[in-house]
Amino acid sequence: MEFFLVQLLNGISYGLLLFMLSSGLTIVFSLMGVLNFAHASFYMLGAYFAYQVSTVLGFWAGLVVAPLLVGLVGMAVERYGLRQVHKHGHVAELLFTFGLAYLIEEAVHLIWGRSALEYRVPPELDGPIFQIMGSPYPMYRTFMMLVSVAMLVSIWLALTRTRIGLVIQAALSHPETVEALGHNVPRVFMLVFGGGAALAGLAGVIGGAAFVTDPGMAVSVGPIVFVIVVVGGMGSLAGAFVASLLIGCLQNFSISLDWSLAGLFSWFGWMVGPDTPLWSLWNVKLSQAAPVLPYLLMVLMLIFRPKGLMGTREG
Amino acid sequence: MSTLRYRPLDLGRWIVWGATALLFALAPLMSDASFVLTLLSQMGILIIFALSYNMLLGQGGMLSFGHAVYSGLGAYFTVHALNLVGKGAFWFPVTLLPLVGGLAGLAFGLIFGYVTTKKSGTTFAMISLGIGEMVYACVLMFPAFFGGEGGISTNRVVGEPVLGLTYGPALQVYYLIAAWAFVSMAAMFALTQTPLGRMANAVRDNPERAEFVGYNTQRVRYLQMCLSAFFAGVAGGLSCINYEIVSAENVSALRSGGVLIATFIGGVGLFFGPILGAIVFTLFAIALSGFTKAWLLYLGLFFLAMVLYAPGGLAWLIAIQIPVLRARRFSELLWPYALALAAGLMLLCGLIGAVEMIYHLSLESAEESVIALAGLEVDVRALPSWLAVGALLAAGGVAMRHASRFVSARWHAIQQDIQRGAA
Amino acid sequence: MNGAAAIELLDVRKQFGATRIIQGVNLSVRQGERLAIIGPNGAGKSTLFNLISGRFPLTSGRIRLNGQDITGLPPYRINRLGLSRSFQVTNIFHRMSVYENIRCGVLWSLGYKYSFWHPVNRLRDVQRRAEETMERIGLARRRNVQAGVLSYAEQRALEIGITIAGGAEVILLDEPTAGMSRTETAQAVELIRTVTEGKTLIMVEHDMGVVFGLADRISVLVYGEVIATDTPEAVRANPAVQEAYLGGMHKEAAA
Ligand SMILES: Nc1ncnc2c1ncn2[C@@H]1O[C@H](COP(=O)(O)OP(=O)(O)O)[C@@H](O)[C@H]1O
Ligand SMILES: [Mg+2]
């Protein structure tokens with residue numbers, strides 16, 4: 001029970017972090033039709049910028065400054081890159097962001113080197129905050145959740161209370177009407193793209209400190225975020241939210257369980273041992289299979305419910 | 001009349017294919033250096049892989065981020081077949097072993113393709129990425145079959161030599177690769193000229209209309225995908241024979257990204273584009289990686305520049321010169337081209353200077369602050385070096401702006417004349 | 001076989017969200033007949049075509065093609081059963097040549113399906129049919145031109161060419177002359193008349209001259225309902241039609 005609660009909380013905090021990433025990706029996708037392959041690279045940039053800032057001004061300055069910087073980078077990318085390839089269609093845009101992801105990773109190699117950075121949780125957030133049935137729960141995890149929820153609320157306010165928010169909402173439900181809204185569409189695009197990048201940057205700041213800040217962090221989280229968008233349903237914010245939590249929990253639970261199919265079989269009374277055909281398949285522990293599960297979920301979703309959890313559009 | 005029209009075209013085709021075969025046969029004579037042979041073998045494999053990738057991207061409009069799945073799994077099955085032959089479990093000529101890779105690729109194409117080709121466009125791209133990640137994770141999960149991180153090594157010199165071919169010497173391996181590359185090339189070209197090949201183009205251009213002339217677009221994409229996976233598997237089989245090792249890297253996202261970049265740089269719109277791309281990419285990878293650790297950065301920049309300014313790739317850049325050459329107007333472009341080239345070189349020098357200097361600074365090499373760039377001693381901690389690099393970049397940028405205006409003005413004038421002449 | 005129904009619509013309905021666009025259409029078109037569908041903009045004519053050809057699913061009702069139920073079939077299955085359509089907004093393969101466009105319309109009907117073993121340039125029957133079709137739509141001389149750079153009228157002709165190339169027995173044309181000049185329209189009407197000789201034709205058309213010249217019968221669609229189906233003369237004289245449609249047209253023209 002205690003194990004369950006701790007894992008659940010960890011799953012939720014990780015899921016919320018994933019939602020910080022997938023929400024930006026979803027909004028940009030719905031509004032502009034651009035699937036930003038470099039989205040996870042902005043996540044990585046957030047962590048690196050925050051590290052750089054924190055070496056001079058401390059963690060809290062990094063928390064504020066780094067997402068803003070990443071947002072600026074995002075706006076520049078939209079203005080000087082994406083807008084140019086827009087006329088060649090969505091595949092060209094995707095290729096552009098793919099190249100960009102490649103480039104950002106190499107630039108990070110170039111500037112910060114290939115090994116992980118010493119970017120750590122600040123001392124004031126280190127240590128336990130409360131006890132769950134006798135075992136301590138880390139303060140930083142709680143802080144992660146707080147930031148994510150604060151961000152969730154601000155996204156929601158921005159979507160419902162501002163003019164740009166209304167444009168975005170209209171775009172989410174009726175993508176074809178964006179052009180007709182009479183706003184300065186290129187400017188809206190630039191701001192939204194920058195905003196999405198800043199969100200990813202923020203996720204990078206807190207995720208980088210919680211997990212690891214190294215040049216592989218974009219590649220390790222990027223595909224998961226894409227899976228979330230597919231599983232949630234392309235262009236659905238609510239779907240992305242549910243899928244983020246789902247995958248966050250799935251990953252946290254699976255890495256700590258050593259169930260296997262062989263165990264399941266023996267539970268039914270079928271004995272399988274090393275001589276059984278395909279033994280290595282039956283004997284895989286859930287914890288070993290953890291990296292595959294999100295993708296498996298995606299494949300199953302595509303076969304049985306191609307629209308995704310809450311999608312309305314056929315891709 | 002219509003039969004007559006095809007005769008000269010057929011003749012041209014014979015010449016092109018003959019020349020290609022000759023090129024493959026004579027290429028190793030260029031030099032005795034062993035790295036040339038390594039380079040050529042790698043090119044041959046990548047040519048097949050890139051052409052098979054272009055069956056998706058260029059011909060079917062499917063942008064895949066997971067094509068290494070098919071070549072990689074093809075390679076794994078080939079390595080097991082080769083090892084079994086080595087143990088004497090059964091007899092199979094090494095010459096035909098890439099076929100095993102191809103069939104494995106085809107089999108996985110049939111399985112995974114069924115899922116990925118349910119969608120097209122952006123969603124297809126995402127799913128292909130997901131499948132790629134899934135297979136990569138699986139490869140690490142089953143070390144018994146895939147050999148874990150270290151992979152599986154093999155020895156290609158097995159069994160009785162057939163027709164005297166042992167595949168011990170690298171030259172024999174090169175000719176094996178060349179022969180397979182040539183046959184695959186011809187087969188993939190022939191495929192573009194079949195009903196399925198033509199309809200793959202139609203589905204790429206306008207999937208909706210294709211449905212209203214009787215074609216199930218999903219089925220067209222699926223079949224195209226399976227055939228493409230077959231050739232990817234052949235490329236994987238050849239790489240297994242060439243390197244005598246297959247590891248998780250063979251199915252990695254890095255490989256998938258590499259073939260995408262190679263194909264795109266070469267040009268997706270023309271059949272020979274990916275061949276060009278494979279050659280350029282291999283040169284980049286082998287030649288440049290020896291000089292600088294930042295070669296991937298240069299490759300990325302080159303790729304982005306192509307996406308932004310020449311989305312048709314190198315093949316397209318070459319092809320659009322042909323009408324100008326025909327109209328005998330190319331000489332008017334020489335001067336603008338030369339200027340653009342000079343400006344480009346200036347930009348490139350500035351860029352290389354900046355990249356190499358930053359790289360040096362970050363490489364925690366505190367002791368040494370002087371590096372050699374193009375024969376010059378450059379102190380990366382001195383202001384003048386940075387000023388020089390900055391000046392090069394700025395001047396190159398300005399020059400490039402002017403040169404590109406000059407080129408495009410001349411270009412448009414010539415195009416207009418050509419069109420007026422045709423009308 | 002004249003007399004048997006080529007197309008039958010039984011109480012066909014279509015809603016987009018809560019909006020009812022097609023509200024219970026019943027229609028029967030005999031084999032070999034030419035039916036024109038007229039009606040004001042937004043009446044649902046194109047939507048009706050989209051339902052018949054399988055582009056949209058029906059909300060309710062049945063559709064039969066030559067007696068066979070085709071409700072809910074995907075477009076390619078319906079096409080294989082011998083129904084072919086054109087689009088109001090030109091819908092061609094822009095990056096392919098005229099010849100290749102037409103060939104796309106031919107391949108399935110001659111049984112080549114998804115073949116990846118026939119070299120397409122050696123298929124004499126495909127070649128003959130494609131050349132013939134190009135001849136008929138008057139684009140033989142533009143054979144190797146990329147479809148995207150054709151003039152508007154030529155693209156409309158190509159649209160019809162792709163539609164008829166497969167030799168379907170039932171042809172649906174959605175505003176084939178929209179946006180054409182007088183002379184172009186006259187040519188297009190001649191083209192339509194010859195290429196649909198002996199076939200069942202359903203067409204949406206705004207130009208009354210075209211409609212009265214070509215059609216055996218006319219259906220008037222208003223707000224998703226067929227208010228009359230009759231011979232051209234009878235429709236012209238029908239007071240309800242005049243009220244709902246022709247009168248409206250005059251008012252529109254006056255405004
Ligand atoms: N895919 C769609 N989604 C929602 N509404 C549609 C769709 N297609 C058509 N409509 C609506 O249906 C009505 C009829 O359109 P249409 O069939 O194109 O009219 P017509 O061809 O008679 O001019 C219009 O009001 C149009 O807005
Ligand atoms: Mg209409």
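The values are calculated or read from the model by the stated rules, or taken from the named source; none is laboratory data. Just so it is clear, the structure is predicted and the values come from calculations on it, not from any experiment. Counting neighbours? That spans all protein chains shown, and the Cβs are built from the backbone with ideal geometry, glycine included. Side chains included, ligands, DNA and RNA excluded: accessible areas come from the protein's heavy atoms. Shrake-Rupley method; radii C 1.70, N 1.55, O 1.52, S 1.80 Å.
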- Task: Grab the strands (runs of 3 or more DSSP E) fully contained in the stretch C:146-253, keeping just those with 2 or more residues being away from chain B (no Cβ under 14 Å) and within 16 Å of the chain's Cα centre (by Cα).
- Result: C:200-204, C:217-222
- Residues of the stretch B:214-232 being more than 18 Å from the chain's Cα centre (by Cα), open to solvent by 20 Å² or more (accessible area, probe 1.4 Å) and facing chain C (nearest Cβ under 7 Å), which ones? B:Asn216, B:Arg219, B:Leu223
- In the stretch B:249-264, which residue that is among the aliphatic types (A, V, I, L, M) and more than 12 Å from chain A (Cβ to nearest Cβ) is nearest to B:Leu73 (Cα to Cα)? B:Val251
- Message: Can you find, within the stretch B:176-197, the residue that is farthest from B:Arg221 (Cα to Cα) among those that are crowded, with 20+ Cβ neighbours inside 10 Å and either more than 14 Å from every other protein chain (Cβ to nearest Cβ) or among the small types (Gly, Ala, Ser) (or both)?
- Response: B:Leu176
- Note on the structure: Going through the stretch C:11-70 in order, the residues found to be open to solvent by 10 Å² or more (accessible area, probe 1.4 Å), more than 16 Å from ligand 2 (Cβ to nearest atom) and within 19 Å of the chain's Cα centre (by Cα) are C:Asn26, C:Leu27, C:Ser28, C:Arg30, C:Gln31, C:Gly32, C:Arg34, C:Gly54, C:Pro57, C:Leu58, C:Arg64, C:Asn66
- State all residues of the stretch B:320-357 that are open to solvent by 70 Å² or more (accessible area, probe 1.4 Å) and either in contact with a Leu (Cβ under 8 Å, 6 or more places away or on another chain) or among the basic types (Lys, Arg) (or both); if no residue qualifies, say none. B:Arg326, B:Arg328, B:Cys349
- Item | Number of positions in the stretch C:86-107 that are free of Cβ contacts under 8 Å to residues at least 24 places away in the same chain and under 16 Å from the mean Cα position of the chain (by Cα) | 1
- Inside the stretch C:25-51, can you point out the residues that are assigned to a loop (DSSP other than H, G, I, E, B) and more than 7 Å from ligand 1 (Cβ to nearest atom)? C:Gln31, C:Gly32, C:Glu33, C:Pro40
- Check C:Leu81 against each of (1) within 16 Å of ligand 2 (Cβ to nearest atom); (2) under 20 Å from C:Thr196 (Cβ atoms); (3) surrounded by fewer than 18 Cβ atoms within 10 Å (Cβ to Cβ) and name the one condition it does not meet. (1)
- Query: Within the group C:Ala147, C:Ala140, which residue is within 20 Å of C:Arg193 (Cβ to Cβ) and open to solvent by less than 50 Å² (accessible area, probe 1.4 Å)?
  - Reply: C:Ala140
- Message: Quick check on the stretch C:231-242. Is at least one of its residues of a type in the set (A, V, I, L, M, F, W, C), open to solvent by less than 10 Å² (accessible area, probe 1.4 Å), within 16 Å of ligand 1 (Cβ to nearest atom) and in contact with a helix residue (DSSP H, G or I) (Cβ under 8 Å, 6 or more places away or on another chain)?
- Response: yes
- For C:Tyr152, indicate whether it is away from ligand 2 (no atom under 16 Å from the Cβ), modelled with pLDDT of 95 or more and either aromatic (Phe, Trp, Tyr) or open to solvent by 10 Å² or more (accessible area, probe 1.4 Å) (or both). no
- Top-ranked residue in the stretch C:88-122 [being assigned to a loop (DSSP other than H, G, I, E, B) and more than 8 Å from chain B (Cβ to nearest Cβ); ranked as nearest to B:Thr217 (Cα to Cα)]: C:Gly111
- Residues satisfying the stated conditions in the stretch C:84-120, i.e. open to solvent by 30 Å² or more (accessible area, probe 1.4 Å) and aliphatic (A, V, I, L, M): C:Val89, C:Leu110
- Message: Within the stretch B:198-208, take every residue that is surrounded by 24 or more Cβ atoms within 10 Å (Cβ to Cβ) and more than 14 Å from B:Gly269 (Cα to Cα) and give me the one that is farthest from the other protein chains (Cβ to nearest Cβ).
- Response: B:Val203
- Go through the stretch C:172-220 residue by residue and tally those that are over 19 Å from C:Arg136 (Cα atoms), open to solvent by 50 Å² or more (accessible area, probe 1.4 Å) and either within 16 Å of ligand 2 (Cβ to nearest atom) or of a type in the set (Asp, Glu) (or both). 3
